[in-house]
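Structure first, commentary second.
The values are calculated or read from the model by the stated rules, or taken from the named source; none is laboratory data. Just so it is clear, the model here is predicted, and its values are computed rather than measured. Cβ coordinates were reconstructed from backbone atoms using ideal geometry, including for glycine residues, and neighbour counts include every protein chain displayed. We work out accessible area using only protein heavy atoms, side chains counted, and drop any ligands, DNA or RNA first. Shrake-Rupley method; radii C 1.70, N 1.55, O 1.52, S 1.80 Å.
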Amino acid sequence: MPSDHSRIQVLSPRTWGEFGNYLAATSFSRVLRGAVDAEVTLLEAEPIVPWLGDAGAEIRAISLESPDAVTRTERYMALMSRLQERFPAGFEVDPGLRQAEALSGLVKHLRETTPDVVVGTKGFVARLCVAAVRLAGLRTRVVSHVTNPGLMDLPLHRSRHPDLTLVGLERAKERLLAEEGGDPDRIRVVGPLVAQHDLRDFMTGGRGGAPAASGPWGGDRAVPRLIVFCNRGGDTYLRLLEHLAERHPHIDLVFVGYDDAELARRAAASAAASRVTHWRFHSRLTQAEYFDYIDQAAKSPYGLLVSKAGPNTTLEAAYFGIPVLMLESGLPMEAWVPGLIAGHGLGRACDTPAELTRVLDDWLADPATIERHKRDVRVFARTVLDQEAVARRIGEAVRTVLEAR
């Protein structure tokens, strides 16, 4: 049986997936601490496996510098292919010299810390852990926590060899079994984990140099309240703000250029040039600001989140009852998100910035459209995003590997 002496390490790359992956790992670690009788430690993967940071930097460059979604997809898939060539299917059960050299830091770390369970929050990281455990000669169990079902479409992230794989949606389990086979009992569908408790800490850090309006936000219930969240593709959203300032200056708007003070400053300057003085701009949010904005958008019948179509952002908004208007990212592991949005009426995902602007114009001209999506969002949150049930399933699944050890 697990005891106070059981130790679980959650290994997560901070540089893969903007802030979303590490945020998901933070939420997962918090849930584990409350659900299992074990010491849970969250670790960044890059100090242990430094070349993961190099790959993460390339992913960030691809995300930010690609001129369009098609180019972004091509560049990203080229990187995945290079990594897959270096770590081919099945390498984790019989790592060669090349893989052993790449994993030397992880092997050393596991030998020194000897955790009972190590969790990889990317399928690829879990595969690296399976190989490193074998090279280290340990009995450590490996859990793969799939933070994004779309990753199962990429061979790099698929493996049947972890002792346990946790997925949020049935779609991911079906894809993994169809492509890799393996024991279906070692794949558990636990439901989507939403970072509603952790985003407040992750975003804390102040305004980052961009001015914000004073006074209450969202004072007029009849006025649409938009949160524009930008962690990729800044110029696209600056052009959108210019359009909104010209066509819809009466709306309430808060702009978050995540961790990009210069983008937030440029956005604020653009609004000021258009004489729109009541909008707010941040590169980071304090806890009080974040919850005030979320609360006011959720209370409004016309609250709306505008962002790229990432899974974590979409689910976070849905949890709080806020519809979304999203721009498809061009990253292949996020290509399933528009289907999620459309299938559950969570809002709309658009192919191009021009479509995004056109749809937003239509919705702001007829805000009842936003209100209709809000009703569907609340049904989805109630039926799919029950976080107590998700935490219970995660605890039950992880306890099985602790007990098996």
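Applying the selection to segment 335-351, what residues are surrounded by 23 or more Cβ atoms within 10 Å (Cβ to Cβ) and either modelled with pLDDT under 90 or outside any helix (DSSP H, G or I) (or both)?
Selection gives 346, 347, 349.
Which members of segment 290-324 meet the condition of being open to solvent by 30 Å² or more (accessible area, probe 1.4 Å) and touching a residue at least 24 places away in the same chain (Cβ under 8 Å)?
Residues satisfying the conditions are 291, 292, 296, 299, 302, 312, 319, 320.
Could you pull out the residue among 215, 150, 219 that is at pLDDT below 90 and on the phi > 0 side of the Ramachandran plot? Lay out the reasoning, then the answer.
Details: 150 fails: on the phi > 0 side of the Ramachandran plot; 219 fails: on the phi > 0 side of the Ramachandran plot.
From the options 215, 150, 219, the qualifying one is 215.
With the requirement that a residue be open to solvent by less than 30 Å² (accessible area, probe 1.4 Å), closer than 20 Å to residue 192 by Cα and either of a type in the set (S, T, N, Q) or assigned to a helix (DSSP H, G or I) (or both), what does segment 352-390 give you?
374, 377, 380, 381, 387, 389, 390
Answer with yes or no whether residue 22 is aromatic (Phe, Trp, Tyr), part of a helix (DSSP H, G or I) and modelled with pLDDT of 90 or more.
no
Examine segment 118-126 for a residue that is closer than 19 Å to residue 173 by Cβ and either open to solvent by 30 Å² or more (accessible area, probe 1.4 Å) or among the basic types (Lys, Arg) (or both), and state whether such a residue exists.
Yes, segment 118-126 has at least one match.
How many of the residues in segment 248-295 are within 26 Å of the chain's Cα centre (by Cα) and in a helix (DSSP H, G or I)?
Adding up the residues that qualify gives 16.
Name the single residue that is farthest from residue 141 (Cα to Cα) among those in segment 38-75 being under 17 Å from the mean Cα position of the chain (by Cα) and among the charged types (D, E, K, R).
Among them, the one singled out is 60.
If you take the residues in segment 64-79 that are acidic (Asp, Glu) and either in contact with a Cys (Cβ under 8 Å, 6 or more places away or on another chain) or assigned to a helix (DSSP H, G or I) (or both), which one is modelled with the highest pLDDT?
74
Which residues, taken from segment 25-40, are at pLDDT 90 or above and more than 19 Å from residue 109 (Cβ to Cβ)?
Of everything in segment 25-40, those that are at pLDDT 90 or above and more than 19 Å from residue 109 (Cβ to Cβ) turn out to be 28, 30, 31, 32, 33, 34, 35, 36, 37.
Mind listing whichever residues of segment 127-139 are open to solvent by less than 30 Å² (accessible area, probe 1.4 Å) and either among the charged types (D, E, K, R) or in contact (Cβ under 8 Å) with a residue 40 or more places away in the chain (or both)?
At the first step, the residues of segment 127-139 found to be open to solvent by less than 30 Å² (accessible area, probe 1.4 Å) are 127-133, 136.
Once the filter is applied, which keeps residues that are open to solvent by less than 30 Å² (accessible area, probe 1.4 Å) and either among the charged types (D, E, K, R) or in contact (Cβ under 8 Å) with a residue 40 or more places away in the chain (or both), segment 127-139 yields 127, 128, 129, 131.
Cβ-Cβ under 9 Å, sequence separation 6+ or interchain: first residue in segment 55-79 and farther than 26 Å from residue 102 by Cα, partner of a type in the set (A, V, I, L, M) and assigned to a helix (DSSP H, G or I). Which pairs?
Close Cβ pairs (under 9 Å, with a partner that is of a type in the set (A, V, I, L, M) and assigned to a helix (DSSP H, G or I)) amount to 71/62; 72/62.
Rundown of residues vs (1) exposed (fewer than 13 other Cβ atoms within 10 Å of the Cβ); (2) modelled with pLDDT under 90, yes/no style:
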position: 42; (1), (2): no, no
position: 49; (1), (2): no, no
position: 52; (1), (2): no, no
position: 55; (1), (2): no, no
position: 62; (1), (2): no, yes
position: 85; (1), (2): yes, no
position: 99; (1), (2): no, no
position: 108; (1), (2): no, no
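Return the pair list, or none, for Cβ contacts closer than 6 Å from residues in segment 247-271 that are within 23 Å of residue 223 (Cβ to Cβ) to residues that are of a type in the set (D, E, K, R) and open to solvent by less than 50 Å² (accessible area, probe 1.4 Å), at least 6 apart or on different chains.
Qualifying pairs under 6 Å: 252/225; 254/280.
So is residue 167 open to solvent by less than 40 Å² (accessible area, probe 1.4 Å) and either closer than 26 Å to residue 380 by Cβ or of a type in the set (Ser, Thr, Tyr) (or both) or not? Outline the logic, then answer.
Working: open to solvent by less than 40 Å² (accessible area, probe 1.4 Å): yes; either closer than 26 Å to residue 380 by Cβ or of a type in the set (Ser, Thr, Tyr) (or both): yes.
Yes; evaluated as a whole, the condition is true for this residue.
What pairs come up if the first residue lies in segment 181-205 and is closer than 19 Å to residue 229 by Cβ and of a type in the set (D, E, K, R), the second is open to solvent by 70 Å² or more (accessible area, probe 1.4 Å) and at pLDDT 85 or above, and their beta carbons are under 9 Å apart, counting only those six or more places apart or on different chains?
Sorted first by the residue in segment 181-205, then by its partner, the pairs are 198/30.
Taking residue 281 as the residue in question, decide whether it is among the aromatic types (Phe, Trp, Tyr), open to solvent by less than 10 Å² (accessible area, probe 1.4 Å), more than 22 Å from residue 147 (Cα to Cα) and at pLDDT below 95.
In short, yes.
Name the pairs whose Cβ atoms lie under 7 Å apart, with the first residue in segment 361-380 and within 14 Å of residue 298 (Cβ to Cβ), the second of a type outside the set (Asp, Glu) and surrounded by fewer than 17 Cβ atoms within 10 Å (Cβ to Cβ), and 6 or more positions between them or separate chains?
Going by the 7 Å Cβ cut-off, the qualifying pairs are 371/301; 373/345; 374/301.
Collect the residues in segment 375-403 that are touching a Leu at 6+ places or on another chain (Cβ under 9 Å) and either among the charged types (D, E, K, R) or more than 19 Å from residue 189 (Cα to Cα) (or both), keeping them in residue-number order.
Residues satisfying the conditions are 376, 377, 393.
Kindly provide the set of residues from segment 245-259 that are within 19 Å of residue 231 (Cα to Cα) and surrounded by 20 or more Cβ atoms within 10 Å (Cβ to Cβ), ordered by number.
At the first step, the residues of segment 245-259 found to be within 19 Å of residue 231 (Cα to Cα) are 253-259.
Listed by number, the residues that qualify are 253, 254, 255, 256, 257, 258.
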